[in-house]
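Structure record follows, encoded as structure tokens.
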Amino acid sequence: MNEATTSPADRQIWAAESYEKNARFVSDLGAAVLEWLDPKPDERILDLGCGDGALTKSLVEAGAEVVGVDASEPFVVAARDAGLDARFMDGHNLTFDREFDAVFSNAALHWMTRPQDVIDGVERALRPGGRFVAEFGGHGNVAAIVTAMRAVARARGGDEAIAGPWFYPTPAEYRFMLEQAGFEVRRIGLFPRPTPLPTGMAAWLKTFRTPFFEQFGADMQAVLDEVTDILSPALCDTTGNWTADYVRLRVEAALT
Ligand code: BEZ
């Protein structure tokens, strides 16, 4: 995953072990977008926001020559430990020049809040005819979760702006950005993907939105309880299983 920070207070810190325990489903559910990529042996592929490299490994197993980049050092270390070519790089400032047949990204682009910079870097990284295949949070992603956090922050006089710092475009918005950079969009779509949370909502909130809860200091646990309580009727079933209201945007675009 790639960190996109708007301010130090909003900084998301990734811990590879916490991610393994509470968010392994992110890469497990990324298998479908790999079918859109359809990696070929000997293709050179960039995995943008590679995280700990779980999907990067699948690309290598398909015979591709793969470079992973991520803005989180713990993830880069974990990916290197898994034997991958992983580099520490912010997705807003990609430094590659016409060297990849494809750029792939799963569950990372919504963390990068200057999307046109990212798209321009992807364009520069690709050879003529290269393709860009990505899946990430689209318009409406985790809307219930963010709304509950905002409501609690507002009631307590907290900063509601850091409840949801992500980029969740509509297909029309993202298509426009890609076309601005010279891509031809081959297919693009938005679809709901209700996502079971094996370790529950509180663990999800703590894994992905710690900066929001930390602003409440000693009341952090009370705020966490309040948010989960508000969400329970909508996202928790009668046996205590939580499902997050994920919406995915999946896209394939190519340079002509
Ligand atoms: C997502 O994959 O949609 C996501 C993950 C963590 C925080 C927000 C969104």
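The values are calculated or read from the model by the stated rules, or taken from the named source; none is laboratory data. Fair warning: this is a prediction, and the values are worked out from it, not measured in the lab. Cβ placement follows ideal geometry from the backbone for every residue including glycine, while neighbour counts extend to all protein chains displayed. Each accessible area value is taken on the protein alone, full model and side chains, heavy atoms only, with ligands, DNA and RNA left out. Shrake-Rupley method; radii C 1.70, N 1.55, O 1.52, S 1.80 Å.
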Worksheet item: Which of the residues spanning segment 84-117 are open to solvent by less than 20 Å² (accessible area, probe 1.4 Å) and away from the ligand (no atom under 16 Å from the Cβ)?
Response: A86, H92, L94, F96, F100, A102, V103
Discussion item. Looking at segment 182-209, I want the residues that are under 18 Å from E135 (Cα atoms) and within 12 Å of the ligand (Cβ to nearest atom) and have a partner that is of a type in the set (A, V, I, L, M, F, W, C) and open to solvent by less than 90 Å² (accessible area, probe 1.4 Å) with Cβ atoms under 6 Å, at least 6 apart or on another chain. Which pairs are those?
Written reply: P192/V247; T195/A244
Response to the item:
Quick count over segment 48-63, residues being under 16 Å from A102 (Cβ atoms), touching a Phe, Trp or Tyr at 6+ places or on another chain (Cβ under 9 Å) and part of a loop (DSSP other than H, G, I, E, B), is 2
Practice prompt. Can you work out which of the residues in segment 38-83 that are within 18 Å of A108 (Cα to Cα) and among the acidic types (D, E) is surrounded by the fewest Cβ atoms within 10 Å (Cβ to Cβ)?
Written response: E73
Response to the item:
By residue number, the members of segment 148-161 that are within 13 Å of the ligand (Cβ to nearest atom) and either surrounded by fewer than 16 Cβ atoms within 10 Å (Cβ to Cβ) or under 18 Å from the mean Cα position of the chain (by Cα) (or both) are none
Worksheet item: Which one of these does A79 not meet: (1) closer than 29 Å to A181 by Cα; (2) part of a helix (DSSP H, G or I); (3) modelled with pLDDT of 95 or more?
Response: (1)
Item to complete: Output yes when any residue across segment 211-228 is of a type in the set (F, W, Y) and more than 14 Å from the ligand (Cβ to nearest atom), and no when none is.
Response: yes
Worksheet item: Looking at I145, is it within 11 Å of the ligand (Cβ to nearest atom), under 17 Å from the mean Cα position of the chain (by Cα) and either small (G, A, S) or open to solvent by less than 60 Å² (accessible area, probe 1.4 Å) (or both)?
Response: yes
Item to complete: Can you tell me which residue among R124, R131 is under 22 Å from I45 (Cα atoms), out of contact with any helix residue (DSSP H, G or I) (no Cβ under 7 Å at 6 or more places or on another chain), more than 12 Å from the ligand (Cβ to nearest atom) and not in a strand (DSSP E or B)?
Response: R124
Fill in: Test: residue in segment 248-255 that is free of Cβ contacts under 8 Å to residues at least 60 places away in the same chain, within 16 Å of the ligand (Cβ to nearest atom) and either closer than 23 Å to V133 by Cα or buried (at least 20 other Cβ atoms within 10 Å of the Cβ) (or both)
no
